[in-house]
Every structure is written in C-alpha cells, then in structure tokens.
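The values are calculated or read from the model by the stated rules, or taken from the named source; none is laboratory data. All figures in this text were calculated on a predicted structure; none of them were measured in a lab. All Cβ positions, even for glycine, are placed from backbone atoms using ideal geometry, and neighbour counts span all protein chains on display.
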Amino acid sequence: MSAAAEIPAYDPQAIESAAQSFWDGRKAFEVDETSAKPTFYCLSMLPYPSGALHMGHVRNYTIGDVISRYQRMTGKNVLQPMGWDAFGLPAENAAIKNKTAPAKWTYANIEHMRSQLKSLGYAIDWSREFATCTPEYYVHEQRMFTRLMRKGLAYRKNSVVNWDPVDQTVLANEQVIDGRGWRSGALVEKREIPQWFLRITDYAQELLDGLDELHGWPDSVKTMQRNWIGRSEGLEISFAVEGGSDVLNVFTTRPDTLMGVTFVSIAGEHPLAHKAAANNPQLASFLAELKQGGVSEAELETQEKRGMDTGLKAIHPVTGDKVPVWVANFVLMGYGTGAVMAVPGHDQRDFEFAHKYQLPIRQVIALTSPQNEEERNYDPDQWHDWYADKTRKDLQLVNSGEFDGLDYQGAFEAFAERFERQGRGQRRVNYRLRDWGVSRQRYWGCPIPVIYCESCGAVPVPEEQLPVVLPENVVLDGVKSPIKADPEWRKTTCPECGGAAERETDTFDTFMESSWYYARYTSPGARDMVDKRGNHWLPVDQYIGGIEHAILHLMYFRFYHKLLRDARMVDSNEPALNLLCQGMVIADTYYREVHNEDGSAGGKEWFNPADVDVQRDDKGRVIGATLRSDGQPVLVGGSEKMSKSKNNGVDPQAMVDKFGADTVRLFSMFAAPPEQSLEWNEAGVEGMARFLRRLWVQVNKHVAEGSVVTLDIGALNADQKALRRKTHETIDKVGNDYGKRHSFNTAIAAVMELSNALAKFEDDSEQARAVRQEALEAAVLLLNPITPHASHHLWQCLGHPETLLEDVPFPQADPAAMVRDSLTLAVQVNGKLRGTIEVAADASRETVESLARNEPNTAKFLEGLTVRKVIVVPGKIVNIVAAG
C-alpha cells in the first residue's frame, strides 16, 4: 500500500470530538491561584442567552480564544471564563410570546448556547460559569446597593422618564422610535416618577482622568467616553425674575456672550413654567403637549424647535434689561439647571428658535481683523464656525459696553469677578454625565433591596435578610410586572420599627449585573462580591467586545470597579488594561418589494442568503439573484450587519456541522482584522477548509514516510536552508502578529505561505525530512490558537502523543536561521523596475552596482543613456538614474 493511500481522511467532527474529550478529561482549562506562572486574564463580554449563537458571538469569542491560547503557550496562567447576562426585557417578550416563564426560557437557552460554545472548542474555565439571574449571583449586588445607600451613593428622586402607557414601563431612549414605544407602538409620555440612582457623578473627574492611563484602549472609545462625561468650565449666573423673589440660575461655558442674551429658555418641567401656567390655559396646554415624546438628547436635537412665551421677564444681570422667559422643547430639566441663557447671535439652536419666533438677535463677538467682506459683514443667517471657537485669539467682544475689546478669557475673568463680588454667580465645573438611573419597572430583573415604611421611609433590606429573591414561577400577561401585581410578595415588615411595610417592586437595570461580573469570575464561591483572589487576576489583561458598548457598559464597568476599590475589595483603579472592539459580521441582503392590495408599498420581504442563488459575471460581480424555492428573481440589497430584521444571518451551528469548528474559526480570523467588519462569504469558508485539508495531507504524508533523523544544521544545503529560513521567518512574524498586533489574518496568511513552500520542497533526503518535520511542527503550533482541534491531532501524529498542546511553548525564531547567504534585489532605471539580481548578503556596494548595471534587461534600457547616479538601498533595491 502506498503512503498516499494510507493517509486518513480529514474528519473534523471526529477530530474535534476527540480533542474536546481529551481536554475535558484533563480539565485542561481550569485554573487556580497556586501557579507560579504570571497571570493573564482574557475576557470577552458575556452573552445574553437569546437562544442560539450568532456569527457575532463566534467572532468575538474566537478572538478571545486565540489570545488566550497564545498567551498560555507563552507560559502564562490564563483565565478565560464565561457566564450569562441573563436578566432583561427580551426574556419577558419571549415569555409572553411563547406562554412560558422567563426563567424557564432563559435556562433552556443557556443549556443550548453552552453546548454550542463547547462545540467550538473554546479554552474556557467552565468551573467559574454563572448566570446573573440566580440569587447566588445577584445577592452580592443587592448587598452592595444597601451599602451604597448607607454611604449616600445610592439615592431616590423623582426623574422625568420615557413612559409607555400601554406596557406600563419606563423605556430607555433607544427604545423610543419616532415618539412611540418600540414594542407597544403607543405614544410615549414624559412622566416624572421616583427612581433609584447611583452617584456616578461623584466620580466624573476620576473617570475622565483615568482615560489618560488606559493606553491599551482604542482612542475612539476614550473620545466617546470623554464626550459623554462632558467636562466643561463656566459660570453659573443668576437672573432675577421681575415681580417677585424668583431667580433663574443658568450655567454657561460662554459668559463672553452674556451681552447677547435676548431671551431665556426653560424646560417644560421647570417650576417657573408651572407657576406661569397656573393662570395661562394656553401655556398649560403646551406643557401637556411637551410630555409626549422621548427625553433623549438625540431626539431633542433633531425635533422641530417649539416654544411658548411664559409672560415672565428675567432681568439681565449687567444691563438690567427685561428679557422674555420662554418654555422651549429642547431644554431638559435633568440637564444643568433646566434654564438656558439664549444667545441667538452665536448659537445655532438659539438662532433657529429666535428666527422662528421673531426674537431679537444681537451680535456680540467679532473678528479683530476681518480679512474680507464676508467676515466684516456679520450675518447670523450664515453660520460661521469662528464665532463658536472660544480658543481663537482673533475674536473680541463688541456691542458689550465696558467689556468691548475683551477676548474670551478676558471676558470670562471680568464677568466671574463681577458676579462673585456681587454674589450673583460663581465659577463652576459642570459635567454632561448624569447620575446612573438603575430603576426599571420590569419584572425579569434583580429586585431592588429596599423596604418602604410609612414611618421610616425607604429603608435598605438588612444584609442578613438578603437575597430578596425574584419569584421565577410566574405568568406574564404583558402589562403589569408579576411582583407589582402580587400583594403577598410586596408585603413585609420594616426592619427598623417592626411595622407593616412593602418591598420595592422595581428591579435593577441589567447594566448592574454586567458592571461587576468580570470581578466575580475571579472569586467563585466568595462570600462577598470579590475576595483576595480578585487582586491575583485583576485588572483584566485583555477585554473584548463590540464598539456599541463604548459608552454605557464600559462607563459603568469602570465606575463599578472604583466602587469595589473604595470598598477595599480590589486594589486597582481600572478594571481592564487593554480593550479590543471587534468589528461587525456583515452579509449580503436579498429582498422583494411587498405591495398592499391597493397597490401601495407594503415594505420588503427579506430572504436568507442560504436560500438564494446568485449569478455573477466573468469578473465575479453579482448580476442577479433568484430565490431557490421558486426560481423567481430577488433584489440584491447591500451588505449589512447580520440581523433577524434583514434575515441575513448565518447559523454558526450549520457551518460547524458542514465544515467543522476549526474551519469556521479559521475563516472568522482570516477574513478581516479583528477591528474591521467581516463580510461573510461561504466561498471563503470553503477556501479555509481546503487549506486545512492540505495541511492535514502534508502532515500525514510526511508521517507515513517514516521516522526522522535529528536535524543537523551544519549539513544543510541551500534549498534546505531556504525552507528552514522560511520556517523561522514565519515563526517570527506569527509571534508578533499574535502577541503585539492581534493581526490574526496576516498570521494565517504567513502559515499558508509556509505550507506553499513545503508543497514546492521536493527533497526526500534525511536532512530534508528533518527540515520538513521542523516546518510542519511549527505550522501546527502556530495555528493552534486558531485551529486547536486539528492542531491537537496533527501534533500527536508528528510524534507527541498524550501532549497537551497548549502547554507546549510557542515556537521561538532562531535568528541564525533567518540570516540570508544571498539577497534578491530589484533593479530600477529611473524609478521603473527593469530586472532583479542575486547578490551575496555581504556584497560590497561596488559589486552590487556592477551587477545591477550588467543585468541583461537593465543593460538594454541603459543603452544610449548616461548614468548620472546609482542609489543602493541595502537589502532592497538599486535605482539607476540615467539621462540621454
């Protein structure tokens, strides 16, 4: 029987099952704190148990697994845990739809998704797994909340929220679509209700300063966080209100424009607005209208500017002029003081409002040295960027009386000194960041551990009475939370006076669970949130997740770590040293236009790419597509993020069943760098499968040809040295790609090139087989972080049975092997490539120049020309500059 005939077929299912059994039997990925190895904590954001993995999950967790396995091969004690972000509204929606309890639906999904993750071979320490919806987990955040209450860092106040009158719940800003609830479709109301908050604003400056220390975080994320925190320095100025003792306090970062104030805008919820509306039915009606719609800044920026004069007059603090006070729909009570001094001459929003309602517009900022007619003739209808740039030195105050001629800083100081002396204002640092509202009116969440007593008020549940357990065996009707509807669950005793009391029926925002989960992984079974094991692992060395979490999750994640630090549970200031935000997985979309019976447009029907046959021209461009089921054409949409709404998702399990987990992992790492979007392409997946099969054949063919002698470096010929050089150049590149750049696609490409070099290497001598053995072992080791199952099997084939490949050191490049005896240099004539030459690595400049001039093709292009100069770039290129 020939060696080729003895080569077994590549059977990914059998190989992957055997490798996973091998790992499970040895508890290969369970770690503890007793190892003397340096630690490496690699963490991917925990998934929501929606029912099935999607390709975004696969990409995210494969990135983490590649990093984890590589770091382990470099000698680290690597922790890579997994858990489930299990509370939240989607479970309630599914429970209503499927007529089941959210808990039952959630736990079933966890079982299924866990099996999917295991089928992909991730090196996860499953002994640390948890679901955030279990009392064993959320008891700790309840305990922390009661401690924060006692410290004054958790408090309750009335807050204006998006209220869905049908679902009877508060909606996040992103759940309000065109002024309606995303699920019920009801017109959303602004409603003021009691809410619980955490004082994240107490940490605003520290959160801002800490960004400067996060050298391993993307600049884009840090910029988004800086903007969200929104530190601004300005003045808080008091405007007296005509006819009484009322005062309007406004905060402004542009006190230099104070003399341009022509009206004051206030929020619809401002006390003065309600006072003015008491005797003004038209204003009262307008305030009622303003309660419709959402409260997000984005919505306020895009909606039509609307307002109404309250009839009140504010007294300008410098001129004494009376300026009207208007209610404006773009002013929020929850931001700043709920009042804004309006300078329509130098603020775009104020300008639009003043233009609409024919309010005065006054210029008070001008260029000191206008360069042209346009700059000399101020026209507020033509907005100019320079008026808004306070850092410019060529701006001065005009039409501002005694303050004329001052620049921004001079005006700031002058106004600050004046108002502080008069007791009518003060310098203030303000933040855009607002305290974190943690109350939700939904059922499927962690109960807020508070008891309400008529005598004692809001009282934290004593720690010995925790957890307050959420009942799981419930029926949802889609309207009211079961715990709000159950008087028996609410009924309790006040821990302070012993009187009758009721429990809080709001539950925590699910960001509460995901803000400290990373710390719990380090301390499984700990009596408190984290124990001393936390400092062994924290901060996280590598955190991985989508850019969509750049603001809220990552802000709360950082804030909660500081709470843990201040509670002396951890020593570090930040939760994660490095952050990688992976790109989206996108795929082609296909659809047909749907029409109503009257012929009007009825939307689009989307078809999954797996159900569509695509026609391409000879250059591979899509020229048409048909639905496989009926053979009729479908329209080709753009490539978009995989989603249920566009029906362009690809089932990872179907891909694993068809190609094997290693091929899916390989494609997800090869198709694009981690930070960029990955375009799904099944032809690309098939290409990865072919590469793995080729490597499989190369290893098995080599093994079938018999034993290998010890490599004798001194006995190698030129071709053998060249292959060995390629091997060690590949080792050097892949090590850098994994460890420094996270450039996994180029690492795979380098191993493919090595495989190609092996395919062309036809020497069967003993030393050639030793060189080939070294190259194949290197290829298997280098691919192990990405294709661990195939690498596990092939490593054993290469003579290492019963070896846990993850504990084999990552190969190190031999510098001596990468030294070249000769070099190939490109030869250019006047910048155009004309030939190549082979020169000794230590050839002199004169030798290189002579060989370049006499290279046959180059010499032909030099005929009739005079060589003016020869530029030699050592090891790379020779450029001959010549002229006729």
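Of all residues in region 512-541, how many are surrounded by fewer than 20 Cβ atoms within 10 Å (Cβ to Cβ) and either within 30 Å of P487 (Cα to Cα) or of a type outside the set (S, T, N, Q) (or both)? So that I can check it myself, show each step before the final result.
Filtering region 512-541 down to residues surrounded by fewer than 20 Cβ atoms within 10 Å (Cβ to Cβ) leaves 524-528, 531-533, 535-536.
Still in the running and either within 30 Å of P487 (Cα to Cα) or of a type outside the set (S, T, N, Q) (or both): 524-528, 531-533, 536.
Residues that pass the stated criteria total 9.
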Legend entry - All strands (runs of 3 or more DSSP E) inside region 569-631 with 1 or more residues being without any contact (Cβ under 8 Å) to a residue 60 or more places away in the chain, in contact with a Lys or Arg (Cβ under 9 Å, 6 or more places away or on another chain) and over 30 Å from D219 (Cα atoms): 585-595, 601-607, 612-616, 622-627
Inset, instruction - Would you check if N535 is over 21 Å from F87 (Cβ atoms), assigned to a helix (DSSP H, G or I), within 26 Å of the chain's Cα centre (by Cα) and not basic (K, R)? - result: yes
Inset, instruction - Please work out which residue is nearest to A654 (Cα to Cα), limiting yourself to region 686-711 and to residues that are charged (D, E, K, R) and in a helix (DSSP H, G or I). - result: E686
Legend entry - Count of region 215-225 residues which are touching a residue at least 24 places away in the same chain (Cβ under 8 Å) and surrounded by 18 or more Cβ atoms within 10 Å (Cβ to Cβ): 3
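Across region 671-685, what is the number of residues that are part of a helix (DSSP H, G or I) and crowded, with 20+ Cβ neighbours inside 10 Å? Lay out the reasoning, then the answer.
Our first condition is that a residue be part of a helix (DSSP H, G or I); within region 671-685, this holds for 682-685.
Checking the rest, the ones that are also crowded, with 20+ Cβ neighbours inside 10 Å come to 685.
Count: 1.
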Inset, instruction - Inspect region 741-758 for any residue being at pLDDT below 95, in a helix (DSSP H, G or I) and at negative phi and give the result as yes or no. - result: yes
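If we only count helices (runs of 4 or more DSSP H) wholly inside region 74-161, which ones have 1 or more residues that are out of contact with any strand residue (DSSP E or B) (no Cβ under 8 Å at 6 or more places or on another chain) and at pLDDT 95 or above?
Details: elements: 89-98, 102-119, 135-151.
Ranges flagged: 102-119, 135-151.
Across region 542-599, which residue is nearest to R527 (Cα to Cα) among those that are among the basic types (K, R), surrounded by fewer than 21 Cβ atoms within 10 Å (Cβ to Cβ) and at pLDDT 95 or above? Let's see the steps before the verdict.
Initially, region 542-599 is screened for residues among the basic types (K, R), giving 558, 562, 565, 568, 592.
Those still in the list that are surrounded by fewer than 21 Cβ atoms within 10 Å (Cβ to Cβ) too: 562, 565, 568, 592.
With at pLDDT 95 or above added as a condition, the list becomes 562, 565, 568.
Values: K562: 20, R565: 17, R568: 15 Å.
Among residues in region 542-599 that are among the basic types (K, R), surrounded by fewer than 21 Cβ atoms within 10 Å (Cβ to Cβ) and at pLDDT 95 or above, the one nearest to R527 (Cα to Cα) is R568.
Got a number for residues in region 341-364 being aliphatic (A, V, I, L, M) and either under 34 Å from the mean Cα position of the chain (by Cα) or assigned to a loop (DSSP other than H, G, I, E, B) (or both)?
Of all residues in region 341-364, those aliphatic (A, V, I, L, M) come to 341-343, 354, 359, 361, 364.
Cutting the leftovers down to either under 34 Å from the mean Cα position of the chain (by Cα) or assigned to a loop (DSSP other than H, G, I, E, B) (or both) gives us 343, 359, 361, 364.
Residues meeting the conditions: 4.
For region 20-32, enumerate the residues that are within 17 Å of D125 (Cβ to Cβ) and either surrounded by 12 or more Cβ atoms within 10 Å (Cβ to Cβ) or over 32 Å from the mean Cα position of the chain (by Cα) (or both). Write out each step before concluding.
Step one: list which residues in region 20-32 are within 17 Å of D125 (Cβ to Cβ), which gives 20, 22-32.
Listed by number, the residues that qualify are Q20, F22, W23, D24, G25, R26, A28, F29, E30, V31.
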Inset, instruction - Assess whether S238 counts as being in contact (Cβ under 8 Å) with a residue 24 or more places away in the chain, assigned by TED's automatic domain parsing to the domain that holds L367 and of a type in the set (S, T, Y). - result: yes
Inset, instruction - Residues being assigned to a strand (DSSP E or B) and at pLDDT below 90: count how many of those fall in region 839-884. - result: 1
Legend entry - Failed item in (1) modelled with pLDDT of 95 or more; (2) not in a strand (DSSP E or B), with S245 passing the rest: (1)
Inset, instruction - Please state which of the following conditions H57 fails to meet, knowing it meets all the rest: (1) within 23 Å of the chain's Cα centre (by Cα); (2) crowded, with 24+ Cβ neighbours inside 10 Å; (3) assigned to a helix (DSSP H, G or I). - result: (2)
Inset, instruction - May I ask you to verify whether D167 is among the charged types (D, E, K, R), more than 28 Å from P49 (Cβ to Cβ) and not in a strand (DSSP E or B)? - result: no
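Across region 796-813, which residue is modelled with the lowest pLDDT among those that are of a type in the set (S, T, N, Q) and within 22 Å of G706 (Cβ to Cβ)?
First, pick out the residues of region 796-813 that are of a type in the set (S, T, N, Q): 796, 803, 812.
The next check asks that each one be within 22 Å of G706 (Cβ to Cβ); those that pass are 796, 803.
On the way: Q796: 96, T803: 87.
This residue is T803.
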Inset, instruction - Report whether or not A36 is outside any helix (DSSP H, G or I) and over 17 Å from D125 (Cβ atoms). - result: yes
Legend entry - Count of region 814-838 residues which are at pLDDT 90 or above and surrounded by 12 or more Cβ atoms within 10 Å (Cβ to Cβ): 14
Inset, instruction - Among the candidates E774, E762, single out the residue that is surrounded by fewer than 21 Cβ atoms within 10 Å (Cβ to Cβ) and part of a helix (DSSP H, G or I). - result: E774
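Select from region 515-544 the residues that are basic (K, R) and either over 17 Å from E129 (Cα atoms) or in contact (Cβ under 8 Å) with a residue 40 or more places away in the chain (or both) and list them in ascending order.
R520, K532, R533
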